[in-house]
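Chemist: Encoded as structure tokens, here's the structure I'll be asking about.
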Amino acid sequence: MSQIIEFVDTPERVLLVGVGLPEMGKSEPQESLEELSRLANTAGAEVIDKIIQYRDRPDAAYFIGKGKAEEIALLWGASNISSVIFDMDLSPAQTRNLEEVIGGKVIDRSRLILDIFAQHARTKEAMLEVELAQLAYQLPRLTRLWTHLSRQVSGTGTRTGGIGTRGPGETQLELDRRLIRGRILYLKQAMDKIRQNRDLERKSRKGLLNVSLVGYTNAGKSTLLNTLTNEKLYTDDKLFSTLDPTTRAVHLTDKYNVLMTDTVGFIKRLPHHLIASFRATLEEVKYSDLLLHVVDASQSNVYEQIVAVEEVLSELEALDKPTITVFNKMDKLDDRSDLNILKNKYPNNVELSAISGQGLDNLRAMLLKIAAKDEIEISVNIPQNEGKMLNYIYTHGEVFEKTFEDNHVSIKARMDKKYTGKLERFLAT
């Protein structure tokens, strides 16, 4: 009798390591490690333990110091840990040194974020961008992958690596570097084509207010877009649950719609090569007319999250864009003291809950005011045989007064200035 064997995909057991430095705030190391824990959970790992070491400066060789690395090695052996994740970016040498002492896999913050992006990439564009970021991360780290092959015989004939270790190591390493550089070049060319297509799309949107949703990851951008459009786009209570930009029309009035684009969430210490790789996507922010900076008002470190988003916007040359600060998740906020301080710092703001709908009317009103900022009142006399012109006025304006005369119709209407050029010959004097 055959036996059915079930394979269970057990989560990877990880130990988290953070570092407290003098320039950090009192609670920052712990808050940052909690965020790393959420990142690890999002990646599918099970967090076994967390360690924070306070130092004056990072150790050049081990980041946390060799003694602390040896303590982690003991935990590794006793707790069946499969990976150690550091809350900072490590140099290739630091990673290699730590793995030698600990005896297992060491991952830094950037590598973890890249893994999450790879899991969540669904479209071809996102997959290309993630691969480009991964290769940019891996390229300077190739040496540590081939150290067992890189020993050479010296010119004097003294063997430093023994038989079988001469030559092929460097050859393999250089081959891998060439392959990765070639792939990076191909990916950049593919992203240039995507960027050109996006330029064409943006040209087709002229005449409409283009709005980009930006904010810290999991601040509720996608939920807000869902609520404003009455659609059910993908959302999840995880970090970086959506990577692909999604543009939808948001209806304000019969005459005014805005185009709103949801963008990838930001995070503190977002890897620079990740920003570079996603530049084609993130340029939607740069070329938009208005930013909605969605903020999770219920977070204790809300200001730090705002600053992290502003740092990325500055790198994208979009920090000076007209911005409405959207204080979201007001239904979860208990203490308003910090919020009142932030509202004074960011006066162009609105409070709402994307889940309950609280405050959405105020946001719509703010968007309508901006969309209709070029609206003017006109008075025109349209001959009754100019039916097409009458239809034009009703299509592009709001008629609030109409009088029939002998051979024409006197109309008073509100219209955006860009539509009034065709009516100049009919303006009432």
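Every number here is computed from the coordinates shown, using simple stated rules; none is lab data. Nothing here was measured: the structure is a model prediction, and the numbers come from that model. Counting neighbours? That spans all protein chains shown, and the Cβs are built from the backbone with ideal geometry, glycine included.
Chemist: Only counting other Cβ atoms within 10 Å, I'd like Leu173, Leu208, Leu36 sorted with the fewest neighbours first.
Modeler: Leu208, Leu173, Leu36
Chemist: Identify, among Ile411, Thr323, Tyr186, the residue whose Cα sits farthest towards the positive end of the charge dipole of the chain, taking +1 on the Cβ of Lys and Arg and -1 on the Cβ of Asp and Glu, with the dipole about the Cα centre.
Modeler: Farthest towards the positive pole: Tyr186.
Chemist: Is there a quick way to get the dipole size of the chain? I mean about its Cα centre, with the Cβ of Lys and Arg at +1 and of Asp and Glu at -1; what is the value in debye to the nearest 20?
Modeler: Approximately 1300 debye in magnitude.
Chemist: Pick out which of Asn218, Asn80, Asn385 has the largest mean-square fluctuation in a Gaussian network model of the chain, springs linking Cα atoms closer than 10 Å.
Modeler: Answer for the Gaussian network model of the chain: Asn385.
Chemist: What 222 nm value per residue comes from the helices of the chain, counting each DSSP H run with n ≥ 4 as -39,500 (n - 2.57) and dividing by all residues, nearest 500 deg cm²/dmol?
Modeler: Calculated mean residue ellipticity at 222 nm is -13000 deg cm²/dmol.
Chemist: Fewest to most neighbouring Cβ within 10 Å: what's the order for Val101, Val307, Val295, Val380?
Modeler: Ascending Cβ contact count within 10 Å gives the list Val307, Val101, Val380, Val295.
Chemist: Moving on to the next point. Compare Met415, Met260, Met88 in a GNM of the chain, Cα atoms joined below 10 Å, and give the one with the largest fluctuation.
Modeler: Evaluated over the chain, the most mobile residue of the options is Met415.
Chemist: What aspartates and glutamates does Lys66 reach when the alpha-carbon gap must be under 20 Å and sequence neighbours fewer than 8 apart in one chain are set aside?
Modeler: Asp49, Asp56, Asp87, Asp89, Glu99, Glu100, Asp108
Chemist: Going toward the positive end of the dipole of the chain, with +1 on Lys and Arg Cβ and -1 on Asp and Glu Cβ, which of Ile116, Tyr54, Leu142 do you reach last?
Modeler: Positive-most Cα among the choices belongs to Leu142.
Chemist: Just want the ordering: His293, His120, from fewest to most Cβ atoms lying within 10 Å of their own Cβ.
Modeler: His120, His293
Chemist: Let me check against my output: what whole-number percent is the relative contact order of the chain, with C-alpha pairs under 8 Å and at least 6 apart?
Modeler: Contact order relative to length: 10 percent.
Chemist: So which of Lys343/Lys417; Lys188/Lys418; Lys321/Lys373 end up more than 28 Å apart by C-alpha?
Modeler: Where the Cα-Cα span goes over 28 Å, the pairs concerned are Lys343/Lys417; Lys188/Lys418.
Chemist: Of the labelled options (i) 55, 26, 19; (ii) 40, 26, 18; (iii) 33, 29, 21, which one gives semi-axes √(5λ) of the Cα gyration tensor in Å as computed for this structure?
Modeler: Identified label for the calculated read-out: (i).
Chemist: What is the set of long-range amide H partners of Asn257 at a cut-off below 5 Å, with H atoms built 1.01 Å from backbone N?
Modeler: HN-HN under 5 Å from Asn257: Leu252.
Chemist: With springs connecting C-alpha atoms under 10 Å apart, model the chain as a Gaussian network and identify which of Val302, Val409, Val250 has the largest mean-square fluctuation.
Modeler: Val409
Chemist: Taking segment 389-424, which GluC sites (Glu not before Pro) meet the DSSP loop condition and have no more than 11 other C-beta atoms within 10 Å?
Modeler: Those that pass, being in a loop and sparsely packed, are Glu405.
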